[in-house]
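Visitor: This is the structure, below, for whatever I ask next.
The values are calculated or read from the model by the stated rules, or taken from the named source; none is laboratory data. Here the structure is a predicted model, which is why all the values come from computation and not from measurement. Backbone-built Cβ (ideal geometry, glycine too); neighbour counts: all protein chains shown. Ligands, DNA and RNA are excluded from the accessible area calculation, which covers all protein heavy atoms including side chains. Shrake-Rupley method; radii C 1.70, N 1.55, O 1.52, S 1.80 Å.
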Amino acid sequence: MRENENSINGLTDRIINFRDARDWKQFHNPKDVALSLSLEASEVLEHFQWKNGAELEEYVKTHKEHIGEELADVLYWVLLMSHDLDIDIINALSKKMDKNEAKYDLDKSKGNHKKYNEL
């Protein structure tokens, strides 16, 4: 890992430098970046489609690197989009977690998969 890459800002800087060195910003409007994010998330899903139980457990063990690459692609687009839209993604996640913690009362939601409005 390169210096400063163990932070969100360091990773974002590397992504922006990668993109800008290739003159790709011209292609990165919010719609197309959102589409790329969705497509990469779908590639994560492909790893799990039609697998259950022991087969799924074994697949994850033997394909962890490939799954990690797809998750990294998702993170790439999240960081790029948050940068381009001037969204502090760490702050946004923190605020979202505050909302989730309020919606999903621990006593009602623990061990329960129901949505907050069904608890």
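Visitor: May I ask you to evaluate 6.51 cos²θ - 1.76 cosθ + 1.60, the Karplus curve with θ = phi - 60°, for each residue of the stretch 72-80 and list the ³J(HN,Hα) values in order in whole Hz, giving x for glycine and proline?
Guide: Per residue, the Karplus-derived 3J(HN,Hα) values read 5, 4, 4, 4, 3, 6, 4, 5, 5 Hz.
Visitor: Also, quick follow-up: Going through the stretch 1-99, which GluC sites (Glu not before Pro) have at most 15 other Cβ atoms within 10 Å and a DSSP loop state? Don't jump to the answer; show the numbers that get you there.
Guide: Values: sites: Glu3, Glu5, Glu40, Glu43, Glu46, Glu55, Glu57, Glu58, Glu65, Glu69, Glu70; in loops: Glu3, Glu5.
In loop regions of the stretch 1-99 (DSSP not H, G, I, E or B), the sparsely surrounded GluC sites (Glu not before Pro) are Glu3, Glu5.
Visitor: Here is a follow-up. Can you give the translational diffusion coefficient of the chain in µm²/s, computed by Stokes-Einstein from the Kirkwood radius over Cα pairs at 10 °C and 1.306 mPa s? The partial results should precede the final answer.
Guide: On the way: Rh = 17.1 Å.
Estimated via Stokes-Einstein, D reaches 93 µm²/s.
Visitor: Would you mind calculating the relative contact order of the chain from Cα pairs under 8 angstrom and at least 6 residues apart, reporting the percent as a whole number?
Guide: Details: 47 pairs, mean separation 32.9, N = 119.
Dividing the mean separation by the residue count of the chain yields 28 percent.
Visitor: Just the accessible area per residue of the stretch 55-119, please: how many Å² with a 1.4 Å probe?
Guide: Details: 5220 Å² over 65 residues.
That works out to 80 Å² for each residue.
Visitor: Then there's this: If the convex hull of the alpha-carbon atoms of the stretch 1-61 is projected onto planes in all directions, what is the mean projected area in square nanometres? Please report the intermediate quantities before stating the final value.
Guide: Values: hull surface 24.9 nm².
For the Cα atoms of the stretch 1-61, the hull's average projected area reads 6.2 nm².
Visitor: Once Rh is set to the Kirkwood radius over Cα pairs, what Stokes-Einstein translational diffusion coefficient, in µm²/s, holds for the stretch 37-93 at a temperature of 20 °C and a viscosity of 1.002 mPa s? Working shown, then result.
Guide: On the way: Rh = 12.7 Å.
Rounded, D is 169 µm²/s.
Visitor: For the chain, what % of the accessible area comes from carbon and sulfur atoms, probe 1.4 Å?
Guide: C and S fraction of accessible area: 54 percent.
Visitor: Exactly which trypsin sites (Lys or Arg not before Pro) in the stretch 1-82 are in a DSSP loop and have at most 15 other Cβ atoms within 10 Å? Before the final figure, lay out each step's value.
Guide: Working: sites: Arg2, Arg14, Arg19, Arg22, Lys25, Lys31, Lys51, Lys61, Lys64; in loops: Arg2, Arg22, Lys51.
Listed in order of number, the matching sites are Arg2, Arg22, Lys51.
Visitor: A further question follows. Between Ile67 and Gln49, what is the label-to-label distance in nm when each label sits 7 Å out along the Cα-to-Cβ direction?
Guide: Roughly 1.7 nm, to one decimal.
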